[in-house]
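*Asks:* Let me give you the structure first, and then I'll get to my questions.
The numbers here are math on the coordinates, done by the rules we state, and not lab data. Everything numeric in this text was worked out from a predicted model, so none of it was measured. No Cβ is skipped: glycine too gets one built from the backbone with ideal geometry, and neighbour counts run over all protein chains shown.
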């Protein structure tokens, strides 16, 4: 299934970036944007949010699920101080569970709906696909940061 392949490939590339050196982790893809380190922490937290949504939709379809403020999370959850190894373990574990549930439910229960507090009605399939596309979006930023000569 293409979704599983996308989840695995984005996982594999993301996990490699957790092993970067300090100078590369501090690089940004544009002035004033998050560093690679912050993007990795954000990917971890987003993964947990998306995983929570998916479990909620599977367990209690049609509920309202609230948006989260990623900038508030980055400050309150101390991205500048949080150990990258901690985030790596969370990301890897949650992605493994996400892949497991995608294999079980993407096609069989992908029609299940929930109401996102900002974007409206979404489906389980939408949320699984968002997991992979969101990860790919941020991988593009990391690649750009690492290829930039400005740092």
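*Asks:* Checking residue 50 against (1) closer than 26 Å to residue 34 by Cβ; (2) touching a strand residue (DSSP E or B) at 6+ places or on another chain (Cβ under 7 Å); (3) in contact (Cβ under 8 Å) with a residue 60 or more places away in the chain, only one condition comes out false. Which one?
*Replies:* (2)
*Asks:* Do we have residue 26 as in contact (Cβ under 8 Å) with a residue 40 or more places away in the chain and touching a strand residue (DSSP E or B) at 6+ places or on another chain (Cβ under 7 Å) here?
*Replies:* Yes, satisfied.
*Asks:* Here are the criteria: (1) outside any loop (DSSP other than H, G, I, E, B); (2) over 21 Å from residue 83 (Cβ atoms); (3) over 14 Å from the mean Cα position of the chain (by Cα). Tell me which single one residue 33 does not satisfy.
*Replies:* For residue 33, the failing item is (1).
*Asks:* Here are 58, 40: which of them is in contact (Cβ under 8 Å) with a residue 24 or more places away in the chain, in a helix (DSSP H, G or I) and farther than 29 Å from residue 25 by Cβ?
*Replies:* 58 is the lone residue from the list that is in contact (Cβ under 8 Å) with a residue 24 or more places away in the chain, in a helix (DSSP H, G or I) and farther than 29 Å from residue 25 by Cβ.
*Asks:* Give me the residue from region 102-135 that is within 19 Å of the chain's Cα centre (by Cα) and loosely packed, with under 15 Cβ neighbours inside 10 Å and, out of that set, farthest from residue 46 (Cα to Cα).
*Replies:* Ranking the candidates gives 103 first.
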